[in-house]
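*Asks:* One structure follows; several queries about it will come next.
What follows draws every value from the coordinates through simple rules; no lab data is involved. Given the structure is predicted, the values throughout are model-derived calculations rather than measurements. We place every Cβ from the backbone using ideal geometry, glycine too, and count neighbours over all the protein chains shown.
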Amino acid sequence: MSKTEQVYQILQHRIMGGHYSPGFRLVIDSLARDLGVSTMPVREAIRRLEAEGLVRYQPNVGAEVAGLDGRHFHDMQEVLAKLEGWIWEICGPLAATEEIGRLSTLANGMQTALDGRRLEDFVVLEGQFHDIFHQRSPNRYLAELANRGWTRLEPLRLALYVQAPDMAIQALHYYYQLVQSLKEKAPPKVLGQLVEESHQQLLVVLRRQVGDRKEAQP
């Protein structure tokens, strides 16, 4: 693993875990000393975190931890809903018994992670759940777009699950529904619509959370 990747993972973990709260300044020289590396891998890691929406640059301030951008999450989630819907519509009828079993095992693992409040594990398993059909897709460009979207969305998704646990509970509900629909050999259109609906439902929960926070403000 490269030094840049190591620094990236450490900083991402600190941000997602709340060790670095929104507005925390990421001073490159200080971080380099703390992590025992040169400034170059720190700069590259921060650029990557900025691309993911976890870090922002402020004039006369520099890099700092960004607050959660609900609009950014909403737009990406909306596009991913369509991509995932198409993939499941194409690949659902092709799913082998072994693959359905793996999906069921992953859903159970997500339930265990959720029960133990291990949201980082939940998101990792969630990504593996979707990746099964990404790999199955005969349209490699479509699968690549979905993978790229999921990778960019993952850290935001985790942060939002921390703030709104209802989102993770709702997502898991749909994953169990998807597994059951595959077992029952549901029509392709039904699978695609169910996946899109699962993504859209997360947006409903997000809008409700944002609305609740606005009402709570003095």
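*Asks:* Taking the Cα-to-Cβ direction at Ile132 and at Glu98 and moving 7 Å from each Cα, how far apart do the two end points lie in nm?
*Replies:* The answer from the label model is 1.3 nm.
*Asks:* Ratio of alpha-carbon Rg to the 2.2 N^0.38 Å globular estimate for the chain, to two decimals, please.
*Replies:* Ratio of Cα Rg to 2.2 N^0.38 Å: 1.10.
*Asks:* If you take all C-alpha pairs in region 99-192, what percent of them are over 19 Å apart?
*Replies:* Here the tail beyond 19 Å accounts for 43 percent of pairs.
*Asks:* Rg over Rh of region 3-65, using C-alpha atoms and the Kirkwood radius, what does it come to?
*Replies:* Answer for region 3-65: 0.92.
*Asks:* To continue, here is another question. Which of Ala66, Ala96, Ala168 moves most in a GNM of the chain, Cα contacts under 10 Å?
*Replies:* In the Gaussian network model the winner is Ala96.
*Asks:* Right, here's the next one. Could you work out which residue, out of Gly149, Gly53, Gly36, moves most in a Gaussian network model of the chain, that is, has the largest mean-square fluctuation with Cα springs under 10 Å?
*Replies:* Residue with maximal mean-square fluctuation among Gly149, Gly53, Gly36: Gly36.
*Asks:* Roughly what angle does helix 39-51 make with the longest principal axis of the chain, taking Cα atoms, 0 to 90 degrees, to the nearest 10?
*Replies:* Approximately 40 degrees, to the nearest 10.
*Asks:* Moving on. May I ask for the angle, rounded to the nearest 10°, between helix 188-216 and the longest principal axis of the chain, with both axes built from Cα atoms and the value confined to 0 to 90°?
*Replies:* Relative to the chain, helix 188-216 is tipped by roughly 40 degrees.
*Asks:* Moving on. Rounded, prolate or oblate: pick one for region 64-147, where a ≥ b ≥ c are the square roots of the eigenvalues of its C-alpha gyration tensor, a/c under 1.5 means rounded, and failing that, prolate if a/b is larger than b/c, else oblate.
*Replies:* Oblate, because a/c is 1.5 or more while a/b does not exceed b/c.
*Asks:* If you don't mind, there's one more thing I want to ask. If you average the alpha carbon positions of region 145-182 and of region 32-48, how far apart do those two centres end up, in angstrom?
*Replies:* When both Cα centres are located, 30 Å separates them.
*Asks:* Going out from 0 in 10 Å bins, what whole percent of all Cα-Cα distances in region 1-129 drops into each bin?
*Replies:* P(r) over region 1-129, rounded to whole percents: 11, 29, 30, 21, 8, 1.
*Asks:* Let me ask another. So what is the relative contact order of the chain, in percent, for Cα pairs below 8 Å that sit 6 or more residues apart?
*Replies:* RCO, the chain: 24 percent.
*Asks:* While we're looking at this one, here's another question. Whose amide H sits under 5 Å from the amide H of Phe24, counting only residues 5 or more places off or on another chain, with H placed in the peptide plane?
*Replies:* For Phe24, whose amide H was placed from the backbone, the distant partners under 5 Å are Val65.
*Asks:* Would you be so kind as to identify which of His134, Ser38, Leu172 lies farthest towards the positive end of the dipole of the chain, taking Lys and Arg as +1 and Asp and Glu as -1 on Cβ and the Cα centre as origin?
*Replies:* Farthest along the dipole direction, towards plus: Ser38.
*Asks:* Highest GNM mean-square fluctuation, the chain, Cα pairs closer than 10 Å: which of Gln77, Gln163, Gln58?
*Replies:* Gln58
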